[in-house]
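Here's the structure we're looking at; comments come further down.
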Amino acid sequence: MLRRSGMVRSVMPPSPDPRPGAGASRRGGVGTGRREPIDASELLASVADTSTYTEFYSPVPDGYRKGRHKYVAVVGTVMSGLGKGIFSSSVAKMLKDKGLVVAPIKMEGYLNIDSGTLNPYRHGEVFVLDDGTECDMDLGTYERMLDQDLSTWNFTTSGRIFAEILDRERHGMYLGRDVQMIPHVTGEVKRKLRELAVRGDGEKPADVVFVEVGGTVGDYENGFYIEALRELAFEEGPGSVCFVALTYVIEPKALGEQKSKAAQLGIKRLLEAGIQPHMIACRATNPVQPTVLEKIAMFSNVPLRRVFSMHDRPSIYTIPDELRAAGLDREVLTLLGLHERVDAVKEDRARERWSRFITRLTTPPSRRVTIGVTGKYAQLRDAYASIEKALEHCSAHLRCEIEQRWIETTEVTDQNVADRLSGVDAVIVPGGFGSRGVEGKIACVRHCREGGVPYLGICLGFQVAVIEFARNVLRWSDASSAEFDPECPTQVISELPEQKKIEGLGGSMRLGAQDVLIAPDTLAAFLFRDRLSGGAVRERFRHRYEVDPTYIERLEAGGLVFSGRHPSQPIMQVLELPTARPEGVADDEPRARAVHPFFIGAQFHPELTSRPLRPQPLFMGLVTAAIRGRYERDGEEWRRIAADGDVTRWLMGAGSRRQAV
């Protein structure tokens, strides 16, 4: 091995290809021996002149330039769930606005290979990236805040790292060494961070890599991450790594004042790990008092100007500007020596665009609607975090206050659905797996279809819309899904023949970004008109079951329109009901009764691609339809709203709300 500046430039090959279907990035694909067989004699001959008697193991990938790449490491103290991802993404946004290339990574401590099999009640929403990586919901925060598509390079878990190490060991890559937590496990962590620095945002190497360590300092499961970061800071040298400790200032109601002792003790755990934080971010319900900030600064050896209040805000999107006003961005640039890389012109342009969004977001709205979200995890808002954010984006762009009413579908029946959905202006039926709560979702679909309530079905919401239409319009009373009833005689939703041949949980899942061919002269084509490329849009999927092709023709004959399809396979990806009666259709035909002001479903997850400055079209269409349904009866008010081009650009046709048959 070649020793250089206290590090070792490894002769070993780079880590397994993290792209979907390769190496460690997918369920069932780790440690399965996919590499070509290695001849032991050739391996030993190749390292005959290489000494293994060294305690150093710190791989450096090709193209890595020490001193060129900087790191900001964000760790949590006191307790988890403080918002490390929100803080980290806010700081990353400030630096990206200045023209720097940023690359975030979330490092989770759990042993799962990815987040795909985690129950939302345990870990919140499973966020899916373009390349199909199933990951933590914090990756969604990074994508939205940075307006940047991430990949498997930006996420890892303890399980994935251990699996890669064991795979290497089985292939003789450690040259006969006993593989240990230090230096080998910590070395693999440093390898990942340096590889990400070289890759950057996929186009240019990173100026700054933002490292978010999941969990809390002192946890057993993330201890090796923190040790690896300590080693990284030592190896990279002064001015290369900025450590930020996110802590919590409690304010017991019984006392009526803020207390910093828990924060002090949490930071002490970090100091015991050999890391001196450069900055402290104090989470709290209310602005942290100056005296409390002073106590924390004194105890942690951090200058007061680098101790910041991270109290609750009405919206996370106001945080970057507020941290900038507090001078946090200047402190990071100073600590990492990055002032000379700032592009002031680019920063001015970025801040102007963001400022317009924040102004709309914080200005009191002139209209109000209620959106019902009918899901099986409604008791846990984090399970639908991206839906909540997609609606927030729409709220700003349409200057409309959106009340989100969360409705648990396990408690909804045909008998009480009208009461449960009373007063909502539109309904979203989100995704999910399993049969629990499905009949309640179907009841919600029927209520919306027959009552003319604007409807958006997402993933499972798309599938239950097909089932409801088959049951109540085509009178196929036994229609269902193979997922819920494998013995059902009319499986309008099932696995395609090609999928049924694939074994293993997740093996037949459609994951990640795929092209959706949009039919012209449809509601989908109208909504996606600014995003179409070659008649198609690219959206993210996470599902296993499809509309059975044998039923498509009969469903369409009954009035259901499949306006989005796979470019080459018989896979239906968008459905809708026509907003006006098709020409030449008689009153007594089923298609004449299938008219609806706004009824659309997507097999993909549109909420995953909604961004603050680029709201998702399906959500914009739904909220606009809700505004119309609520205000259209008030002639004067509707004329005022209709004069707003930001609203009318999402309205298709002149059909109004009506009672369907």
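Couple of notes before you dig in:
- Filtered residue count, segment 179-201, keeping only those that are modelled with pLDDT of 95 or more and assigned to a loop (DSSP other than H, G, I, E, B): 2
Listed here are the residues, each with its yes/no results for (1) modelled with pLDDT of 95 or more; (2) surrounded by fewer than 22 Cβ atoms within 10 Å (Cβ to Cβ); (3) over 17 Å from VAL189 (Cα atoms).
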site: THR52; (1), (2), (3): no, yes, yes
site: PHE56; (1), (2), (3): no, yes, no
site: HIS69; (1), (2), (3): yes, no, no
site: MET79; (1), (2), (3): no, yes, yes
site: GLY83; (1), (2), (3): no, yes, yes
site: SER88; (1), (2), (3): yes, no, yes
site: ALA92; (1), (2), (3): yes, no, yes
site: GLY99; (1), (2), (3): yes, yes, yes
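- Filter pass, LYS261 being free of Cβ contacts under 8 Å to residues at least 12 places away in the same chain and either open to solvent by 20 Å² or more (accessible area, probe 1.4 Å) or out of contact with any Leu (no Cβ under 6 Å at 6 or more places or on another chain) (or both): yes
- Selection count, segment 629-647, where residues are open to solvent by 40 Å² or more (accessible area, probe 1.4 Å) and under 15 Å from CYS394 (Cβ atoms): 2
- Taken over segment 149-178, the criterion of being outside any helix (DSSP H, G or I) and open to solvent by 20 Å² or more (accessible area, probe 1.4 Å) is satisfied by ASP149, HIS171, GLY172, MET173, LEU175, GLY176, ARG177, ASP178.
Residue by residue, here is whether (1) open to solvent by 80 Å² or more (accessible area, probe 1.4 Å); (2) in contact (Cβ under 8 Å) with a residue 40 or more places away in the chain; (3) part of a loop (DSSP other than H, G, I, E, B); (4) touching a Gly at 6+ places or on another chain (Cβ under 7 Å) holds:
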site	(1), (2), (3), (4)
ARG230	yes, yes, no, yes
ALA254	yes, no, yes, no
GLY266	no, yes, no, no
GLN276	no, no, yes, no
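- Residue, nearest to THR216 (Cα to Cα), within segment 97-143, restricted to residues that are touching a residue at least 60 places away in the same chain (Cβ under 8 Å) and among the small types (Gly, Ala, Ser): GLY109
- Segments classed as helices (runs of 4 or more DSSP H), wholly inside segment 397-499, with at least 2 members that are buried (at least 24 other Cβ atoms within 10 Å of the Cβ) and at pLDDT 95 or above: 438-451, 460-472
- Hits in segment 344-369 - residues which are open to solvent by less than 30 Å² (accessible area, probe 1.4 Å) and either touching a residue at least 60 places away in the same chain (Cβ under 8 Å) or of a type in the set (Gly, Ala, Ser) (or both): GLU347, ALA350, TRP354, PHE357, ARG367, VAL369
- Any chance PRO549 is touching a Gly at 6+ places or on another chain (Cβ under 9 Å) and either open to solvent by less than 20 Å² (accessible area, probe 1.4 Å) or at pLDDT below 95 (or both): no
- Residue check, ALA297 surrounded by fewer than 21 Cβ atoms within 10 Å (Cβ to Cβ), assigned to a helix (DSSP H, G or I) and in contact with a Phe, Trp or Tyr (Cβ under 8 Å, 6 or more places away or on another chain): no
- Among the residues examined, ALA284 qualifies as aliphatic (A, V, I, L, M) and out of contact with any helix residue (DSSP H, G or I) (no Cβ under 7 Å at 6 or more places or on another chain).
- Some residue of segment 235-251 being open to solvent by 20 Å² or more (accessible area, probe 1.4 Å), outside any loop (DSSP other than H, G, I, E, B) and under 23 Å from GLN180 (Cβ atoms): yes
The values are calculated or read from the model by the stated rules, or taken from the named source; none is laboratory data. Since this is a predicted model, take the numbers as computed values, not measurements. All Cβ positions, glycine included, derive from the backbone under ideal geometry; neighbour counts span all protein chains shown. All accessible areas refer to the heavy atoms of the entire protein, side chains included, with ligands and DNA or RNA removed. Shrake-Rupley method; radii C 1.70, N 1.55, O 1.52, S 1.80 Å.
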